[in-house]
1. Since residue 240 meets every condition but one in (1) under 20 Å from residue 170 (Cα atoms); (2) buried (at least 19 other Cβ atoms within 10 Å of the Cβ); (3) within 23 Å of the chain's Cα centre (by Cα), which condition does it not meet?
2. Filter the stretch 57-76 for residues that are assigned to a strand (DSSP E or B) and buried (at least 21 other Cβ atoms within 10 Å of the Cβ) and give the result.
3. Among the residues of the stretch 149-163, write down those that are surrounded by fewer than 20 Cβ atoms within 10 Å (Cβ to Cβ) and within 18 Å of residue 123 (Cα to Cα).
4. Consider the stretch 77-104. How many of its residues are closer than 22 Å to residue 48 by Cα and either part of a strand (DSSP E or B) or in contact with a helix residue (DSSP H, G or I) (Cβ under 9 Å, 6 or more places away or on another chain) (or both)?
5. I want to confirm something. Restricting to the stretch 132-147 and keeping residues that are in contact with a strand residue (DSSP E or B) (Cβ under 9 Å, 6 or more places away or on another chain) and crowded, with 19+ Cβ neighbours inside 10 Å, which single residue is nearest to residue 176 (Cα to Cα)?
6. Go through the stretch 210-237 and give me each residue that's surrounded by fewer than 19 Cβ atoms within 10 Å (Cβ to Cβ) and touching a strand residue (DSSP E or B) at 6+ places or on another chain (Cβ under 8 Å).
7. Answer yes if at least one residue in the stretch 176-185 is in contact with a strand residue (DSSP E or B) (Cβ under 8 Å, 6 or more places away or on another chain), surrounded by fewer than 20 Cβ atoms within 10 Å (Cβ to Cβ) and under 30 Å from residue 219 (Cβ atoms), and no otherwise.
8. Which of the residues that make up the stretch 128-146 are part of a loop (DSSP other than H, G, I, E, B) and within 19 Å of residue 113 (Cβ to Cβ)?
């Protein structure tokens, strides 16, 4: 059996297990065998018969991993990325099920849309200190990620960036964070967020939906918008105090939050429509000014 035939058979098995059969299989095989190369830099491979993975080694100075470079290469196994790396392109490692990196290069600044989407073995413990740009769905469904903090260089988290990252146990977010996109942390079962950064401005639709372990009790005065079902299904919420008026707030912000029983707001009744904003069991305390929790 040739290596190409063996790879094709194993890739078909991998795709079958995840129910993701598609027409890109042959292209994935070619990438696995030959890798991305424009003469320099390049990547070389060695077949691991025991583990049934293809172990890759980067050669030369890589500053960028191009868009779709290792797209759906289910058997690609890397222990590290080049230390010179600055940018990882869109969908560069999409559905690389065998990728089990535990860290990213400190030189990295930008991670593209869907770059590590569905890399179910990715086990990152931290982000590079100077990362500024993380694309939509960059880490969606990376269930083995165990980040405990995010660098302060991050100011925006996009659409579904960390959705279904069930291993995340973050208690705080980047201090400079301004925007949380739709489903930014949706369905992160073990997210243990206890507060939001003081500068956050926009909390997108379903940003924290079905995150049962978050225990926020304050909405900072910087917040100007809270989207549809932003905290839906957050059963860990028990009381919330708003530090300032939020004019743009959807009717269902706190839907399916059965344990949320008190919402304190500094505005008069009727100033913000839609109360209790989906919190069916909550009592609203209007014109609240005491900064200390009862």
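The values are calculated or read from the model by the stated rules, or taken from the named source; none is laboratory data. Quick caveat, the model's predicted, so the values are computed rather than measured. Glycine also receives a Cβ, built like all others from the backbone with ideal geometry; neighbour counts cover every protein chain displayed.
1. With (1) under 20 Å from residue 170 (Cα atoms); (2) buried (at least 19 other Cβ atoms within 10 Å of the Cβ); (3) within 23 Å of the chain's Cα centre (by Cα) applied to residue 240, the lone miss is (3).
2. 65, 76
3. Of everything in the stretch 149-163, those that are surrounded by fewer than 20 Cβ atoms within 10 Å (Cβ to Cβ) and within 18 Å of residue 123 (Cα to Cα) turn out to be 149, 151.
4. Going through the stretch 77-104 one residue at a time, the tally reaches 4.
5. Across the stretch 132-147, the extreme among qualifying residues is 134.
6. 217, 218, 224, 225
7. Our first condition is that a residue be in contact with a strand residue (DSSP E or B) (Cβ under 8 Å, 6 or more places away or on another chain); within the stretch 176-185, this holds for 177-181, 184-185.
Subsequent filtering for residues that are surrounded by fewer than 20 Cβ atoms within 10 Å (Cβ to Cβ) retains 178-179.
Pick out the ones that are also under 30 Å from residue 219 (Cβ atoms) and you get 178-179.
Yes, because at least one residue in the stretch 176-185 is in contact with a strand residue (DSSP E or B) (Cβ under 8 Å, 6 or more places away or on another chain), surrounded by fewer than 20 Cβ atoms within 10 Å (Cβ to Cβ) and under 30 Å from residue 219 (Cβ atoms).
8. Once the filter is applied, which keeps residues that are part of a loop (DSSP other than H, G, I, E, B) and within 19 Å of residue 113 (Cβ to Cβ), the stretch 128-146 yields 128, 131, 132, 135, 136, 137, 138, 139, 140, 141, 142, 145.
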